[in-house]
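The values are calculated or read from the model by the stated rules, or taken from the named source; none is laboratory data. Quantities reported herein were computed from a predicted structural model and do not represent experimental measurements. Virtual Cβ from ideal backbone geometry, glycine too; neighbours counted across all protein chains shown. Remember, those area values only see protein heavy atoms, side chains included, never the ligands or the DNA or RNA. Shrake-Rupley method; radii C 1.70, N 1.55, O 1.52, S 1.80 Å.
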Amino acid sequence: MAALQIPTTVGGNTIDETLFGLIADDLVTQGFSIRPGALPQDIAHELHSYQTQMKDNLYTNAGIGRGEDYLHNEFVRTDEICWITGSAEAGKLWIDWTSQLQAFLNKRLFLGLFSFESHFAHYAPGDYYKKHYDAFRGETNRVLSVVAYLNPGWTQADGGELVLYKSDIDQEGIKVVPLFGTLVVFLSEEFPHEVLPANRDRHSVAGWFRVNTSIGNKIDPPR
Ligand code: OGA
Ligand code: MN
């Protein structure tokens, strides 16, 4: 008999335990999860309308690194970003949902995810983000990356794929079309990846779950 899925309520929200379970299984078996249509429709629509109406001056040129190491480097990436604070309704929905995912993964996989940071990203036609890791072994507390795409009607001909490489020596990678609602989750230290130039404006939300590595009175992640 097929297992009965009973929706669970957390803080008044119904969460999709089936989807979170599939993501957890993907992470265990392959270290990444690529799920078209996984971002709940209402959240996807809120994020999309917020991002497409966002004023240009809310964006900053994307940099690499954190804090004092922050570096704007056009050789690496040319997109623009806006950090999500949760002050707008769209960002709040996203943060609520990712915190449910965080709680689920902690319970199921004992990941000890402690905090989450995320930003909107806009890639104008021709923009790119060269091959990179989101975290370096032993140097960071980013452990899990999540990217959600907000581009209705995107086709392969539009370019702009995320290419996820299975290792340093993987030349081919897996290409992900940044179509509205697609969700990608992967272990930050394990998978180099890049964003290929597109011929359309490309919108996404990227976030990172972190573990707590505060030592003594040095707070990390910084608040
Ligand atoms: C990033 C990143 C991927 C994407 O912001 O670190 O890799 O497809 N984004 O937007
Ligand atoms: Mn990245």
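I'd like to check something: does the stretch 115-132 contain any residue that is closer than 20 Å to residue 28 by Cβ and part of a loop (DSSP other than H, G, I, E, B)? Checked against the condition, which is being closer than 20 Å to residue 28 by Cβ and part of a loop (DSSP other than H, G, I, E, B), the stretch 115-132 yields no hits at all. Can you name every residue in the stretch 187-197 that is near ligand 1 (Cβ under 10 Å from one of its atoms) and in a strand (DSSP E or B)? The answer is 193, 194, 195. Of the residues 113, 150, 144, the single one that is more than 24 Å from residue 203 (Cβ to Cβ), of a type outside the set (Val, Ile, Thr), touching a strand residue (DSSP E or B) at 6+ places or on another chain (Cβ under 9 Å) and surrounded by 19 or more Cβ atoms within 10 Å (Cβ to Cβ) is 113. Out of the residues in the stretch 140-165 that are assigned to a loop (DSSP other than H, G, I, E, B) and within 15 Å of ligand 2 (Cβ to nearest atom), which is farthest from residue 184 (Cα to Cα)? Applying the filter and picking the extreme gives 140.
Taken together, the residues in the stretch 28-48 that are in contact with a helix residue (DSSP H, G or I) (Cβ under 8 Å, 6 or more places away or on another chain), more than 15 Å from ligand 1 (Cβ to nearest atom) and open to solvent by 50 Å² or more (accessible area, probe 1.4 Å) amount to 3.
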